[in-house]
Amino acid sequence: MDIKKIRIKLLFLLMILLILFILAICVGRYGISPVDVIRALTFDDTMDPLIKNVVLQVRLPRILMSMIVGAGLACSGASYQCIFGNPLVSPDILGVSAGAGFGAALGILLSGSAVVVQGQALFFGLIAVVIVLCISRVNKKTELFMLVLSGVIVGAFFEALISLVKYVADPQNTLPAITVWLMGSLASVSYQKVIICSVTILPCTVALMTLRWKMNLMSLDDEEAISMGVNVERVRLIIIVISTLMTAVSVSLCGIIGWIGLVIPHIGRFIVGDDHRGLIPACVIIGAGYLLVIDSVARTLTAAELPLSILTAMVGAPFFGVMLRKTMGNGGNG
């Protein structure tokens, strides 16, 4: 697809995201008009303090967090699918989600402190990927099939540890807390979490943006990419590290939110094509809008807030099936 057409489509997607951003602030138990939302965002001192507080202190941090996390997970998914050359790959392929889930479950079991839970989730998520990289390293080289198999092994191991923690947890208090956390939620988001998420995910997203032209070359055979001056193993490792860090931070702060990293890249390819110069920015925008909509539904649909992973699976799985039928299974071929 012509790069000029891609830019027009990206601009259109940005306009849709802006509209969704305003509408997401409007909806909720306490409805707010778009005019009042804009006034609150521009710090109009003459408006109702209640509306201003709802917009700036209650809804805005959560909405910003959903956009940042959605963009990060979608960008990670597109990057993983590129380096593995497989449209069925998602950000948890190397066990980062399972590792982070175990760290959080252990933190809830032993402490319950939010700082401990988030810290252990991030630590064990990164540890899981380090173990995968160590297992897959053979003769000073890392083959893709070894990475995938190692990820399956490590992911299964940490899933077993999660089951063990849930088995010994108090069924009245601790077990429900672990179960809810593992299903993902943005209910406890604060500006502090938004800042932590931003200083990690946004620079990583920019880094992947700068590498997107190399991702086009990584879609070729290794020999072809090397002949065009790309250090395949180094670029692959850089992309894995960046994508893993984004996923680990997202999971540590919000719990496990599935399907975004798998589905959104396919939607991006359907709109802008396989060229990563347009695909990565498209995934960032679409991922931000997708999780924004999902979270808005989660907090408004029922009196008791729905976990995000339930909604992302209910929406993502059928949509993914439709996309596969529409593209005849060729959506991931770059």
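Under 5 Å between amide H atoms, partner at least 5 residues away or on a different chain: which partners does residue 183 have, H built in plane at 1.01 Å?
Counting only residues 5 or more places away or on other chains, the set is 256.
With every protein chain present, what is the per residue accessible area of segment 243-304 (1.4 Å probe, Å²)?
24 Å²
Using a 10 Å cut-off on Cβ atoms, rank the peptides 142-151, 86-95, 30-39, 165-174 from the highest mean neighbour count down.
So the peptides 142-151, 86-95, 30-39, 165-174, ranked by packing, come out 86-95, 142-151, 30-39, 165-174.
Using only the Cα atoms of segment 132-186, each taken as one equal point scatterer with no solvent, compute I(q) by the Debye sum, divide by I(0), and report log10 of the ratio at q = 0.13, 0.16, 0.25, 0.26 Å⁻¹.
One equal scatterer on each Cα of segment 132-186 leads to -0.50, -0.62, -0.89, -0.93.
Segment 227-280 to segment 199-223: how many Å between their Cα centroids?
Using only Cα atoms to place each centre, the spacing works out to 8 Å.
Give the value in nm², to one decimal: projected area of the alpha carbon convex hull of the chain, averaged over all directions.
Directional mean of the projected Cα hull area for the chain stands at 18.1 nm².
Which of 80, 290, 191 moves most in a GNM of the chain, Cα contacts under 10 Å?
Sorting by GNM fluctuation, first place goes to 191.
Quick one: if you stick a label point 7 Å off each Cα along the C-beta vector at residue 192 and residue 234, how many nm between them?
4.0 nm
Starting from the Kirkwood Rh over alpha-carbon pairs, what translational D in µm² s⁻¹ does segment 201-334 have by Stokes-Einstein at 10 °C and 1.306 mPa s?
97 µm²/s
I'd like the carbon and sulfur percentage of the solvent accessible area for the chain, probe radius 1.4 Å, heavy atoms only, ligands and nucleic acids excluded.
69 percent
May I ask for the distance between the Cα centers of segment 114-162 and segment 1-52, given as a whole number of Å?
39 Å
Let me check against my output: what whole-number percent is the relative contact order of segment 45-139, with C-alpha pairs under 8 Å and at least 6 apart?
RCO, segment 45-139: 21 percent.
Would you mind giving the three semi-axes, in whole Å and largest first, of the ellipsoid equivalent to segment 252-328 according to its Cα gyration tensor?
The equivalent ellipsoid of segment 252-328 has semi-axes of 24, 14, 10 Å.
For residue 202 paired with residue 30, estimate the spin-label separation in nm (one decimal), with each label point 7 Å from Cα along the Cα-to-Cβ line.
2.7 nm
Of the options 298, 70, 216, report the single residue whose Cα projects farthest towards the positive end of the charge dipole of the chain (beta-carbon charges: Lys, Arg +1; Asp, Glu -1).
Checking the options against the dipole of the chain, the answer is 216.
Please tell me the relative contact order of segment 194-246 in percent, rounded to the nearest whole number, where contacts are Cα pairs under 8 Å and at least six residues apart.
Rounded, it is 47 percent for segment 194-246.
Please check: in the Gaussian network model of the chain (C-alpha springs, under 10 Å), which one of 126, 18, 106 has the largest mean-square fluctuation.
18
Fully extended, how many nm does the chain gain between residue 241 and residue 86 (0.36 nm per residue separation, minus their Cα-Cα distance)?
Result for the pair: 54.0 nm of gain on full extension.
For 213, 181, 259, give me the order by solvent-accessible area with a 1.4 Å probe, most accessible first, ignoring ligands, DNA and RNA.
Ranking 213, 181, 259 by accessible area, largest first, yields 213, 259, 181.
Given Cα pairs under 8 Å that are at least 6 residues apart, what percent is the relative contact order of the chain?
After rounding, I find 30 percent.
Given the alpha-carbon gyration tensor of segment 161-277, what are the semi-axes of its equivalent ellipsoid in whole angstrom, ordered largest first, with each equal to the square root of 5 times an eigenvalue?
Values for segment 161-277, descending: 36, 17, 14 Å.
Looking at the chain, do any whole DSSP H helices span at least 24 angstrom along their long axis by alpha carbon and average 1.6 or above on Kyte-Doolittle, and which?
Helix filter hits for the chain: 3-26, 114-136, 144-168, 232-254.
Which peptide among 319-325, 64-70 comes first, and what is the full order, when sorted by highest mean count of other Cβ atoms within 10 Å?
Ranking, from highest mean packing down: 64-70, 319-325.
Give me the accessible area per residue for segment 91-242, probe 1.4 Å, as a whole number in Å².
For segment 91-242, the per-residue accessible area is 51 Å².
If you take the beta carbon distance between residue 222 and residue 179 as r and set R0 to 45 Å, what does 1/(1 + (r/R0)^6) give as a FRET efficiency, to the nearest 0.05?
0.60
Given a Förster distance of 56 Å, report the FRET efficiency between residue 50 and residue 138 from their Cβ-Cβ distance, rounded to the nearest 0.05.
The formula returns an efficiency of 0.35 here.
Given that compact globular proteins tend to follow 2.2 N^0.38 Å, what is the ratio of the alpha-carbon Rg of segment 1-68 to that value?
1.36
Let me understand segment 41-129 better: what is its radius of gyration from the alpha carbons, and its Dmax, in angstrom?
Both quantities, over Cα of segment 41-129: 18.4, 55 Å.
Eight or more residues apart or on different chains, and alpha-carbon atoms under 23 Å: count the Lys pairs in the chain matching that.
8
The values are calculated or read from the model by the stated rules, or taken from the named source; none is laboratory data. Worth saying up front: this structure is predicted, and the values here are computed from it rather than measured. Positions of Cβ are backbone-derived with ideal geometry, glycine not excepted, and every protein chain shown enters the neighbour counts. Just so you know, the surface numbers come from the protein's heavy atoms only, side chains and all, with ligands and any DNA or RNA stripped out. Shrake-Rupley method; radii C 1.70, N 1.55, O 1.52, S 1.80 Å.
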